[in-house]
Amino acid sequence: MKTNKKICVNWRNLRFGFLAAVCVVSAVTSVCAQEPARPLTIVAFGDSTTAVRGTVKQVYADRLPALLKARGIEAKVINAGVGGSHTGRLADNARHKRRHALDRLDDAVRHHKPDIVLIQFGWNDSWVDSDNLNDASRISVEKYSANVKHIAKTLTGDGARVILMTPNRPNTSVAAWRVARTLKYVEEVRWLAKSEALPLVDVWREYDRIESIKGRSSDELLLDSVHPNDQGHALVADLLNRKIAQITAGPNVLFIMVDDLGWSDVGFNGSKVYETPNVDRLARQGMVLSDFYSGGPVCSPTRASIMTGKYTARTGITTYLLSPSRDAKHLQSHLPLEEFTIAEAFKKNGFATGYFGKWHLGYENKFWAGNQGFDVAKGGIDLPWAWTLCYPDLKAAPTAKIWPKQHTRFFSPYHLTHLKNGPKDEYLTERLTNETIAFIEKHRGERFFAFLSFHTVHTPLQAKPEKIEKYKKKIAALGLDAKTEKNRREKSFQNNAAYAAMVEHMDENVGRLLTRLDELKLSDNTIVVWTSDNGGKGSVTSNLPLRGMKHNLYEGGIRVPTIVRWPEKITAGTSNATPLISNDFYPTLLELAGCPTEPQQHVDGISFKKVLLGKSQTVERSAIYWHYPHSRQEAAIRAGQYKLLHRFKQGRVELYDLKSDLGERSDLSQQKPEVAKQLLAKLKSWQKNVGAKFQGDAKEQK
């Protein structure tokens, strides 16, 4: 595994407590990774009082390296205590004519080339809320806040990440006025961490937590009224150990899924009507997987394949779910709790996990995302029968009287089963993005797996009026408003203004997410996946040049636009045409994150990590498969350039060469009967091996 750029950290006045800024240029390696990482160099700053108490040695030279080593992280700590003026003041007054603290910091960083630099502000920096040196003051809250921002901006300007750390809490013998004054600075640090999107190690709050445990006192961590003892040193070392491990552990994962977005519905795949500048930018920054497929031609199967790493025929979720009484008898009506989901795998490896939006893998509460590995799960669905299943004691579903005539899924009140309604007319796409951003902000100091599952661009087609009007004018200007469709169920023109508006709403909110990652300094260390759950709905959009649409196994129903971005790891602006499928996300994302795979679970998923990292152009797999025993009753197999469809109820096969016939217009089953025969035999063998279920009599399984 390659190591990243340098990380910086710096300490100050450790004798008087802990308020540190840990500056991390970028992640160094993965805790879960198999490959060895080079040792970290940590520079700790303090003054003469630090040396007297020996705290730097206690925490950093002795304890912290040993704790990190136990995690598989080698670290060398350098005590660069400089003595003298308080870092908080920045030594810019007549009485303290020493060199500016940032100058000393710059010198140390240049000399030692550290991975981590710790900057500490102590109690001496906050004794009196005044800048008057004659009354033993140190620095005002306002100046202190400005200085912290200045240091953070200076370091993060070079790509660093800053982690703030509050001082430890004193015992009750310390004068109340002094504690109250210091608490102002503590609150300021907490506010700065939130407003500046900086990770926070809150030692003060940890002391409070210990105090709240029956039979324990935070005094056991103190040498006297203020200074930490050996146990206090051990606590701080452990907090830093965990924080540094989180920072250097490897990437986060942000998974964005759009509902019903067609392969041709984005600018980077040629759309001239729909505007997707943010998604197009993401494509330029990452790798486009041109031959990526959804697990099924409708939503639930694909979602199940991502969560389980299994083919839909194996999970039994082969079409969209309604309810146990409404679903076909050969359909699994929920994602079984026995499945060890991708969220559970990430959670097992210490990730915070969050799901936001459409789930559609079982409506009873026990099958909700919150019980399938996600720490936080918000969203759900608004269907009346979903409410009945989810809340059986509810006398009437809130959508029962308005479904479907006055149904306003995309404008609050949404009436989703697991999301509180927002202010009237709040837009759902924006709300789900807000929830995802809030989750990322909360967990920016640790590793996270965030899954944003948009309801858009699924019907009903509901967008903001001004956007719809914009696209009416654009479509008219392009002359598309007067076009006549030969088949209204499978459109040839992208000329639905409401649909176009919903596509733009989606794109705008993807842009908001990417911008917030930039602001939080998380972009370089976050893998972003963007994809769709199936092809476009033929009655609202055109999938040309692809044939087919949602609900069938032609390319228009299952080939989906897909991008994966990981700056400096995945080469920007690249593409790959390896046939891949949504089952493959499970092992791939675990491997990219440096975590152990779960081969007993993701039995049908193959990691394409090497493809993304440019180490291979393909994966070792002979074919990929689909089984859709609904609607037209069909199955399909793609092997290399060839794709065969089998309508098993009719006993009909079609064979296409996708290399020369992407639009599947020339059936080669008669010209190449041996190829068709081999692929059909392979398809039937696979159906038998995975236990594929069929509708009707047993003849269909032969």
Quiz prompt | Packing-based ranking, highest mean first, of 540-549, 323-332 given that Cβ atoms within 10 Å are counted | solution = 540-549, 323-332
Self-check item: Three-way shape label, segment 283-369, alpha-carbon gyration tensor, a/c 1.5
Solution: oblate
Exercise. Give the carbon-plus-sulfur fraction of the accessible surface of segment 313-406 in %, rounded to a whole number; probe 1.4 Å, heavy atoms of protein chains only.
Key: 53
Exercise. Kindly give the semi-axes, whole Å and largest first, of the ellipsoid equivalent to segment 598-702, taking each as the square root of 5 times a Cα gyration tensor eigenvalue.
Key: 26, 20, 11
Quiz item: If the cut-off is 21 Å between C-alpha atoms, which lysines fall inside it for Lys473, apart from same-chain ones fewer than 8 positions away?
Solution: Lys272, Lys464, Lys483, Lys491
Quiz item: Assigning unit charges at the beta carbon (Lys, Arg +1; Asp, Glu -1) and nothing else, what dipole magnitude in debye, to the nearest 20, does segment 592-644 show about its Cα centre?
Solution: 240
Quiz item: Using alpha-carbon positions, what is the distance between the centroids of segment 367-435 and segment 250-276, in Å?
Solution: 24
Quiz item: Using alpha-carbon positions, what is the distance between the centroids of segment 172-194 and segment 532-592, in Å?
Solution: 52
Practice problem: Would you please report the Å³ per residue occupied by the convex hull of the alpha carbon atoms in segment 542-616? | Solution: 112
Self-check item: Qualifying lysines (Cα of each under 18 Å from Cα of Lys420; at least 8 residues distant if same chain)
Solution: Lys358, Lys378
Practice problem: Quick one: divide the alpha-carbon radius of gyration of segment 489-615 by 2.2 N^0.38 Å and tell me what you get. | Solution: 1.22
Quiz item: Glu568 versus Gln617, label points 7 Å from Cα toward the beta carbon: distance in nm?
Solution: 2.9
Self-check item: Estimated FRET transfer efficiency when R0 is 51 angstrom, pair Leu478-Glu220 (beta carbons, to 0.05)
Solution: 0.10
Exercise. Please work out the FRET efficiency for the pair Arg652 and Lys610, using the Cβ-Cβ distance as r and a Förster radius of 51 Å; give the result to the nearest 0.05.
Key: 0.85
Quiz item: Working out 0.36 nm times the residue gap between Lys424 and Ser173, then minus their Cα-Cα distance, what length gain in nm do you get to one decimal?
Solution: 85.1 nm
Practice problem: Give the total of Lys-Lys pairs in segment 565-675 with Cα-Cα distances below 20 Å; include a pair only if its members are 8 or more places apart or on different chains. | Solution: 6
Exercise. At 0.36 nm per residue, minus the direct Cα-Cα distance, what do Gln600 and Leu337 gain on full extension? Give it in nm, one decimal, please.
Key: 93.1 nm
Quiz item: For segment 635-689, what does the alpha-carbon gyration tensor say about shape, rounded, prolate or oblate, given a ≥ b ≥ c as the root eigenvalues, a/c under 1.5 as rounded, and a/b over b/c as prolate?
Solution: prolate
Quiz item: What accessible area per residue, rounded to a whole number of Å², is obtained for segment 322-462 using a probe radius of 1.4 Å?
Solution: 41
Quiz item: So, with a 1.4 angstrom probe, what is the percent of accessible area on segment 432-560 that is carbon and sulfur?
Solution: 49
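Looking only at Cα atoms, what is the convex hull volume of segment 466-534 per residue, in Å³?
Dividing the Cα hull volume of segment 466-534 by its residues yields 114 Å³.
Give me the extension gain from Arg488 to Ala70: residue separation times 0.36 nm, minus the current Cα-Cα distance, reported in nm with one decimal. Don't skip to the answer; put the middle values down first.
Details: separation 418, 0.36 × 418 = 150.48 nm, distance 6.38 nm.
Answer, rounded to one decimal: 144.1 nm.
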Quiz item: Among rounded, prolate and oblate, which fits segment 316-419 when a ≥ b ≥ c are the square roots of the eigenvalues of its C-alpha gyration tensor, a/c under 1.5 means rounded, and a/b larger than b/c means prolate?
Solution: oblate
Quiz item: Can you give the Rg to Rh ratio for segment 379-525, taking only C-alpha atoms and Rh from Kirkwood?
Solution: 1.04
Quiz item: How many nm separate the modelled label positions at Ala400 and Lys194, each set 7 Å beyond the Cα in the direction of the Cβ?
Solution: 4.1
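Please give the peptides 346-356, 656-666, 312-322, 219-229 ranked by average Cβ packing (other Cβ atoms within 10 Å per residue), highest first, as a rough proxy for protection. Spell out each step's value before the answer.
Working: 346-356: 21.9, 656-666: 15.0, 312-322: 24.4, 219-229: 17.4.
With the highest mean Cβ count within 10 Å placed first, the list reads 312-322, 346-356, 219-229, 656-666.
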Self-check item: Virtual spin-label span in nm between Ser631 and Ala577, 7 Å along Cα→Cβ
Solution: 2.6
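The values are calculated or read from the model by the stated rules, or taken from the named source; none is laboratory data. On a predicted model such as this, the values are computed, not experimentally measured, just so you know. Cβ atoms come from the backbone with ideal geometry, glycine included; neighbour counts cover every protein chain shown. The accessibility values were calculated without ligands, DNA or RNA, using every heavy atom of the protein model including side chains. Shrake-Rupley method; radii C 1.70, N 1.55, O 1.52, S 1.80 Å.
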